[in-house]
Amino acid sequence: RYCFRRGFPYAEHGGWRAALQRLEAEGAPAEVILSGGDPLLLDDAALGECLERLAALPGVRRVRIHSRLPVAVPARVTAALAERLAGTPLQTAVVVHANHPNEIDAAAAAALRRLGAATGALLNQAVLLRGVNDDAATLETLSERLFEAGALPYYLHLLDPVAGAAHFEVDEAAGRRLVDALARRLPGYLVPRLAREEPGAAAKTVLAAGLTG
């Protein structure tokens, strides 16, 4: 609802097997990111095929999986899935997406712990949403619950300018104040970096990482 990728024409790009064929033909970076839609919507066999083919590519050392499912559908994180992730020779990081501490219920916490045990790193990214999580107490509790479940806060995103989401927008100055407040309440490793996506940029633009003044 609030991500620029919702309008991306995925069908025109041939899917993940076509992407793998391009990497096999043209070469691949050290880290490959599985994202876009949700890679954990693949069944275990397809995900296993993807990981095996990535592991066979020269130079690929890491795979990063971005998924909403461990929080939204924690039942997807089965023992079989954890075994597949643990079994790849690639270093594996999983980035999940929770915006509010109420999303980290017992089932989601159990799924996160299972993922954390199977992978090398478990991180969370959130979107700063007006009326949902735009106060320090809510974000502090989110960080605490994530850490109790084995995940570290990673990014706190400002809203992408997508149609129909303007009522969620929190401005940059307010976001900076919130991150500063979190830095006063929490240890540094529990303070997410405030960031935004900018068209044409090679990576996210980090705006604040705590106590920016």
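The values are calculated or read from the model by the stated rules, or taken from the named source; none is laboratory data. No experiment lies behind these values; they were computed from the predicted model shown. FYI the Cβ positions are ideal-geometry reconstructions off the backbone, even for glycines, and counts take in every protein chain you see. The area values use the complete protein model at the heavy-atom level, side chains included, leaving out ligands, DNA and RNA. Shrake-Rupley method; radii C 1.70, N 1.55, O 1.52, S 1.80 Å.
Mind counting the residues in region 148-180 that are of a type in the set (A, V, I, L, M) and closer than 15 Å to residue 198 by Cβ? Summing the residues that are of a type in the set (A, V, I, L, M) and closer than 15 Å to residue 198 by Cβ in region 148-180 gives 3. For region 100-109, the condition holds for at least one residue, the condition being that it is of a type outside the set (Gly, Ala, Ser), more than 16 Å from the chain's Cα centre (by Cα) and under 12 Å from residue 142 (Cβ atoms). If the condition is being of a type in the set (Val, Ile, Thr) and either crowded, with 22+ Cβ neighbours inside 10 Å or in a helix (DSSP H, G or I) (or both), then region 138-192 contributes 138, 141, 179, 191. Based on this model, can you work out whether residue 116 counts as among the small types (Gly, Ala, Ser), part of a helix (DSSP H, G or I) and in contact with a Lys or Arg (Cβ under 8 Å, 6 or more places away or on another chain)? No, not satisfied.
The requirement of being basic (Lys, Arg) and closer than 22 Å to residue 96 by Cβ is fulfilled somewhere in region 131-145, by at least one residue.
Residue by residue through region 25-51, note down the ones that are of a type in the set (Gly, Ala, Ser), open to solvent by 50 Å² or more (accessible area, probe 1.4 Å) and under 23 Å from residue 111 (Cβ atoms).
Once the filter is applied, which keeps residues that are of a type in the set (Gly, Ala, Ser), open to solvent by 50 Å² or more (accessible area, probe 1.4 Å) and under 23 Å from residue 111 (Cβ atoms), region 25-51 yields 35, 37, 45.
For region 52-82, enumerate the residues that are within 19 Å of residue 104 (Cβ to Cβ), open to solvent by 20 Å² or more (accessible area, probe 1.4 Å) and of a type in the set (Gly, Ala, Ser). Matches in region 52-82: 72, 75.
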